[in-house]
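Let me begin by presenting the structure, written as structure tokens, before commenting on it.
Coordinate-derived values only; no laboratory data. Here the structure is a predicted model, which means the values were calculated and not measured. Neighbour counts are summed over all protein chains in view; Cβ atoms, including those assigned to glycine, are modelled from backbone coordinates with ideal geometry.
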Amino acid sequence: MTLPAAAAATTTGRWISHSSAQHNLGLLRPGELAALRRSGTVRYVEAGTVVAAAGSPATHVMAVGDGELELMARHDAGRVAMAVVRAGGVIQDIPMLLGNPMPFDAVASRNTEMIAVSRQRWAELLASSPSLSLRWMTSIARRLDDDRRRLVVLTSKPLISQVAYLLLDLAETDHAGELVVRLSHTTMAHLLGARRQSVTRVIADLRRRELVATSYGVTALLDDDGLRHVMGRDPLPYERSAQRSGSAGDDPDWRENAQRAHSFLLHVPMLHATSAR
């Protein structure tokens, strides 16, 4: 694997996919995570633990049951955060399907529950459930769509709009019901391919406008509508109804699409290989 040069490391973040903590078709639901726990191996790791190393063979699919991972690209000066994966998010499925090694270090940024499922067991699960097959295909499609959407934002909007986009995209609800982003300015700068000082100045501007409040390692969203105004027009057409999180079992179109996804995944050669390349 060729590691990125230090000078280019941060800008490559523009092309790296990520999973946000929204309840949409891109993430596995609690019931599906429970099924993975029964089929795989559960591991609890402390913040700072490397759960998958760059260059290692992708022999297992890994899901985040609870907590958070940062995907880190290596370069000569250390590692740069490229993506965030939260509860319901998945890593190593795309490398496994492509027969590639893990492209990044996956590092727990909080105490995290990881669920590892072997290639053979994953294939059996997908073979047994058309709905899970469709969910998994949609998860991959959602990550690629997020990738494309984020690329458009980062290449067509000023930094203040990029920061507003990132805050809205990575916000999660805390114990008090408030929307917060628990990322340092350094990590946000890495995700945007920007300088930390520039991101800090932008967040100070948003704070003066009373759109956000800040404390150590946390940015609280005070006015998400105001942040959307700062972000500007959504860069690509987006049908929010596609994020539906309820049961689709009674939808005939959903059932038909699930059957098609199921049939497709049953014929993916790498899914049934006995070992990683």
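Overview of values
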read-out: Loop-located chymotrypsin sites (Phe, Trp or Tyr not before Pro) in region 94-151, at most 13 other Cβ atoms within 10 Å (DSSP); value: none
read-out: Charge sum, other residues only, whose C-beta stays under 15 Å from Leu36's C-beta, Lys/Arg counted +1 and Asp/Glu -1; value: +2
read-out: Charge dipole (debye, nearest 20) of region 158-231; +1 at Cβ of Lys and Arg, -1 at Cβ of Asp and Glu; value: 460
read-out: Other-chain or far-sequence residues with amide H under 5 Å of Arg110's (modelled H); value: Gly48, Glu68
